[in-house]
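Step one of this worksheet: look at the structure below.
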């Protein structure tokens, strides 16, 4: 299913969220971070997404964000495009973060609508003005992250209008319930203003979203070798092959999404010897050993590259 926005998209395919690697004391492990990056790229990811929620951005200091940004961009060295997440409640701070990301070499910034906790929200007009201010003077595209975490309902009609009003906002990561229906409506209403309708949420809705017109996805980092071919095959017109690939990897996709969350990629990387420590920052609890064992068993049955890349 082609739509007019698909032909001119600068970026498409499977982009992996890069987990932040810590040591046993909860400090940044930059050597582990670099090995993690090398694995993701060599496993076939079309690009990276850094400092996302699955990178535990909410547990990082501003100084650590700077260290990670510098380290990752220097290490990637242009091998693949990198999307930097710059979400912040303040339009001023988000704009500053976004400009710094562009200067560092980001291909795009990904931004959630402003929210704080369960109750502090911006109105629809406030959300529109927020993106307008962040886009001002920014010379790279913005991906709007439409996720339940913000608690801000954004209709497809509002998103399409925003894309027309603020041309920089031309990529949309849709990971709310009934994502495929929302993507279809967004593409129908937005037309050429929607350069990149994308999938999210660890690929749990990936095939339905591709059927709806998605041209990319921000996915997990544990098995790009399984996920990237699904999108590549689908966009090349090989729907049956893409469906078979999705069916094959779906048990692991489901287990990551429903049982492990943001700890899955690091657990797989530690099991494969890529990183030494798979801990998240306190107070995020470790995976139960039985849950971790279930994850690794499924990955081993699929011969996922993550378990043999470093061997």
- Message: Can you compute the FRET efficiency between residue 300 and residue 240 using 1/(1 + (r/R0)^6), with r the Cβ-Cβ distance and R0 = 35 Å? Round to the nearest 0.05.
- Response: 0.85
- Query: Most fluctuating residue of 164, 288, 88 in a GNM of the chain with Cα springs under 10 Å: which is it?
  - Reply: 288
- Note on the structure: Applying the gyration tensor rule to the Cα atoms of the stretch 11-239 (axes a ≥ b ≥ c; rounded if a/c under 1.5, else prolate if a/b exceeds b/c, else oblate), the class is oblate
- Inter-probe distance in nm under a simple model that places probes 7 Å from Cα toward Cβ, at residue 123 and residue 177: 2.7
- Query: Pulled fully out, how much extra length does the chain show between residue 90 and residue 293, if you take 0.36 nm times their separation in residues and subtract their Cα-Cα distance?
  - Reply: 69.0 nm
- Task: Report relative contact order for the chain in percent, whole number only (criteria: Cα-Cα under 8 Å, sequence separation at least 6).
- Result: 21
- Task: Can you pull the one-decimal nm distance between simple spin-label points at residue 286 and residue 42, each 7 Å off the Cα toward Cβ?
- Result: 2.7
- Expressed as a rounded percentage, what relative contact order does the stretch 152-277 have, with Cα pairs under 8 Å and six or more residues apart? 19
- Return the whole-Å distance between the Cα centroid of the stretch 83-118 and the Cα centroid of the stretch 121-184. 13
- Item | Gained length - residue 308 relative to residue 116, 0.36 nm times residue gap less alpha-carbon distance | 65.0 nm
- For the stretch 1-137, what ratio Rg/Rh do Cα atoms give with a Kirkwood hydrodynamic radius? 0.99
- Item | Distance in nm between pseudo-label sites at residue 31 and residue 276 (7 Å out along the Cβ direction from Cα) | 0.6
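FYI, it's all coordinate maths here, none of it is from the lab. Keep in mind that what you see is a predicted model, and the values were worked out from it rather than measured. When we count neighbours, we look across all protein chains shown, and the Cβ atoms used for this are built from the backbone with ideal geometry, even at glycine.
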